[in-house]
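The values are calculated or read from the model by the stated rules, or taken from the named source; none is laboratory data. The shown structure was predicted, so the numbers you read here are calculated from the model rather than taken from an experiment. Note that we place each Cβ from the backbone using ideal geometry, even for glycine, and neighbour counts take in every protein chain shown.
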Amino acid sequence: MSATTTQWSEQGLEDFAGVRRYIFKHMNSLGHSNDAEDMAQNVFITATQRLDTFDPAKGTFQGWLMGIAQNHIHRKARGAQVWESPVGAFQTDDEYGVEPVQEDISIAVTEKIFVAERMSKVLELVYQISDARYMIDRSLVLVRECDGDISKASRQLGVAPHALRHSHRTVQDLVQLVDNSLNVHWARRAAGREGQPLSIRELLSCFPESKDDDKQWLRTVPVAILRCGGWNVDQESIYAGVMELTGYSANTCRIMVNRCRWYYHIARTIAEYGTLTDSPS
């Protein structure tokens, strides 16, 4: 594509196809999957109107398209105004004499932006879980102020190291639980399945995954609960059934089943509504 191009080339259309996939991916991650097609069309129209402004000396054509896409998506995600220039962060700003940003770098930067936005949404929901707020506050001190040093953070917080370690791991589980549940919610919206009952597969996919041996119960216990009849069975029968199926002690089973019940209600609410209320997002 040259600086005076007014029509799409075959390579340009291929570049746009890659950007289109990118748009769909990130619109889905922001909970706007139903608007992805409209967003892609808007980006295409804007790019078509401004084809003659593309300057290959300032960056790749796909990077230029990514800049336009980023502007449109940010306006949708944040309500911010789109920059006048379609260049965004992906081409040189002559005023500052910055070197052209290469395509792979621009995509990586944009990925980081959306990861940050996605994490912000997840943490917002996690913080709404009343039982988790004090644990999140502890984790923030551990990560931000103590650089992950358990001993230093426990002294600063006046909390035993094992208690801090436990609460931090719980926060990590909740973050994964909420993130997985949002994925299910947005996938259901994209498939037009809102309002339909959640499947067992969908619910189980919300639970955290871990390769750590001491966290495998996060997958095995929910399955055992379902094999016992699910949450409609009386509590003592669930404890007994899970103990028999997993081999865990009675006390361990009670702790794990109660934790799974807590996770189950969080996952079901977010997967159905996209929030922790009973109102659709």
Is there a residue being assigned to a loop (DSSP other than H, G, I, E, B), exposed (fewer than 15 other Cβ atoms within 10 Å of the Cβ), in the same structural domain as Cys253 (by TED's automatic domain parsing) and of a type in the set (D, E, K, R) anywhere in region 149-171? no
Phe90, sole failed condition from (1) modelled with pLDDT of 80 or more; (2) touching a Leu at 6+ places or on another chain (Cβ under 9 Å); (3) more than 14 Å from His26 (Cβ to Cβ): (1)
I'd like the residue in region 6-33 that is within 18 Å of Arg75 (Cβ to Cβ) and of a type in the set (Ser, Thr, Tyr) and, out of all such residues, is modelled with the highest pLDDT. Tyr22
